[in-house]
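Reading through the structure tokens given below for one structure.
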Amino acid sequence: QVQLVESGGGLVQTGDSLRLSCAASGRTLSLYAMAWFRQAPGKEREFVASISRRGGSASYADSVKGRFTISRANAEMTVYLHLNSLKPEDTAVYYCAAQYGSVWSQSREPDYWGQGTQVTVSS
């Protein structure tokens, strides 16, 4: 079992930055590829970024490429999402997810989800 707790969300203005954290407990984080998803009001949850279990490779949605960066600190059991140049369309609940394995597979469901943290970007 892995428990995931997100933090770091808040209300910011267009162009601001935030750092989201996902603290894991339970099994060692280095067994899992990790990802961030988001869900805006009235929309389906969408993939944002993923990172391999050792942090050697990352993948991003086109909508956030060049603005968001995913990173991880396995010794600290924490995964981060750095959000820069925020736009109103980035407003959503951001979720952390874990998937057992080396790299994230879009064809498999995550094994664990966090509860989410709200990010609101005002124009």
Look at segment 3-44 and say how many of its residues are at pLDDT 95 or above and either of a type in the set (K, R) or part of a strand (DSSP E or B) (or both). 25
Check R72 against each of (1) outside any strand (DSSP E or B); (2) over 17 Å from T117 (Cα atoms) and name the one condition it does not meet. (1)
Is it the case that some residue within segment 57-69 is under 11 Å from the mean Cα position of the chain (by Cα) and aliphatic (A, V, I, L, M)? no
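Might you check whether a residue that is in a strand (DSSP E or B), in contact (Cβ under 8 Å) with a residue 60 or more places away in the chain and under 26 Å from T14 (Cα atoms) occurs anywhere in segment 107-118?
yes
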Would you check which residues across segment 53-77 are surrounded by fewer than 18 Cβ atoms within 10 Å (Cβ to Cβ), in contact (Cβ under 8 Å) with a residue 40 or more places away in the chain and touching a Lys or Arg at 6+ places or on another chain (Cβ under 9 Å) and list them? R54, N74
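The values are calculated or read from the model by the stated rules, or taken from the named source; none is laboratory data. Fair warning: this is a prediction, and the values are worked out from it, not measured in the lab. A quick note on method: Cβ atoms are made from the backbone with ideal geometry, for glycine too, and the neighbour counts reach across all protein chains shown.
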